[in-house]
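For reference, the structure discussed in these notes is given below.
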């Protein structure tokens, strides 16, 4: 564990808490992408199968369970609970059909694992989750774009999620310098970089809006 | 299966 990784994890936790607060305070999921939440749940469930095979630490196991549980709860709220359910407008969230994200990532993961000779289902699903995570935020970014004016807490949610990914890049740099038996994984680096790059545009407008104290409005 | 260090991350 290093400071960047821990700060990244905490930023991720804060983003989830902000999202829950955002849903509860506005009593609506308008501006929130259910698709992004569902993609994240697929990511967590496929990546954290090692909960059953490998024990790293109590911290690690607790966080994994917390991510799965909180994301499941958020999806349940939007899909089945009032008033979120009836206010949810699926047509705002039409970008990127889940299968068009899942299928290419599954194909790529299978290919990558064949090349690396990692043929266990757990390895293949882990690699799949690395690729899918890079795409998971895309529907949320499109929902933001659709409404243009971003509600305060929704903006914070995306900001903390992006900060988490940015901090993980610093964590990899740190680990490669200071951990003796650290092994690079370029697939993780590349999809982590792609994922972080997706947030850059949002970050720019977020920081500018905070600096000038105005509303966060995205350009057309 | 723990071929890379990233596997212990969240």
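The values are calculated or read from the model by the stated rules, or taken from the named source; none is laboratory data. Remember, it's a predicted structure, so these values are computed and weren't measured experimentally. Don't worry about glycine lacking a Cβ; one is built from the backbone with ideal geometry, like all the others, and counts go over all protein chains shown.
Observations on the model:
- Given (1) more than 12 Å from chain B (Cβ to nearest Cβ); (2) assigned to a helix (DSSP H, G or I); (3) surrounded by 14 or more Cβ atoms within 10 Å (Cβ to Cβ), number of the condition residue A:125 does not satisfy: (1)
- Every listed requirement among (1) within 17 Å of residue B:6 (Cβ to Cβ); (2) within 14 Å of chain B (Cβ to nearest Cβ); (3) modelled with pLDDT of 95 or more; (4) over 15 Å from the mean Cα position of the chain (by Cα) is met by residue A:116 save one, (3).
- Here residue A:88 passes the criteria (1) closer than 23 Å to residue A:32 by Cβ; (2) at pLDDT 95 or above; (3) surrounded by 15 or more Cβ atoms within 10 Å (Cβ to Cβ) except the one numbered (2).
- Counting only helices (runs of 4 or more DSSP H) that fall entirely inside region A:1-105 and contain at least 2 residues that are within 14 Å of chain B (Cβ to nearest Cβ) and in contact with a helix residue (DSSP H, G or I) (Cβ under 7 Å, 6 or more places away or on another chain), the qualifying elements are A:3-26, A:34-47, A:58-80.
- For residue A:220, the conditions (1) in a helix (DSSP H, G or I); (2) over 17 Å from residue A:4 (Cβ atoms); (3) away from every other protein chain (no Cβ under 14 Å) all hold with the exception of (1).
- Taken as a whole, region A:136-156 holds at least one residue that is closer than 18 Å to residue A:48 by Cβ and surrounded by 16 or more Cβ atoms within 10 Å (Cβ to Cβ).
- Some residue of region A:190-211 being within 14 Å of chain B (Cβ to nearest Cβ), more than 14 Å from the chain's Cα centre (by Cα) and either outside any helix (DSSP H, G or I) or within 30 Å of residue A:103 (Cα to Cα) (or both): yes
- Qualifying positions in region A:21-55 - more than 27 Å from residue A:105 (Cβ to Cβ) and crowded, with 16+ Cβ neighbours inside 10 Å: A:22, A:23, A:26, A:28
- Any hit, region A:157-180, residues being within 11 Å of another protein chain (Cβ to nearest Cβ) and assigned to a loop (DSSP other than H, G, I, E, B): yes
- Residue A:152 meets each of the listed conditions (1) within 14 Å of chain B (Cβ to nearest Cβ); (2) under 23 Å from residue A:14 (Cβ atoms) apart from (1).
- Members of region A:187-209 found to be under 16 Å from residue A:157 (Cα atoms) and surrounded by 13 or more Cβ atoms within 10 Å (Cβ to Cβ), listed by number: A:195, A:196, A:198, A:199, A:201, A:202, A:203, A:205, A:206, A:209
So that you can scan it fast, the table gives a plain yes or no per residue for (1) in contact (Cβ under 8 Å) with a residue 12 or more places away in the chain; (2) within 16 Å of residue A:159 (Cα to Cα):
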position	(1), (2)
A:2	yes, no
A:5	yes, no
A:8	yes, yes
A:36	yes, yes
A:47	yes, no
A:67	yes, no
A:81	no, no
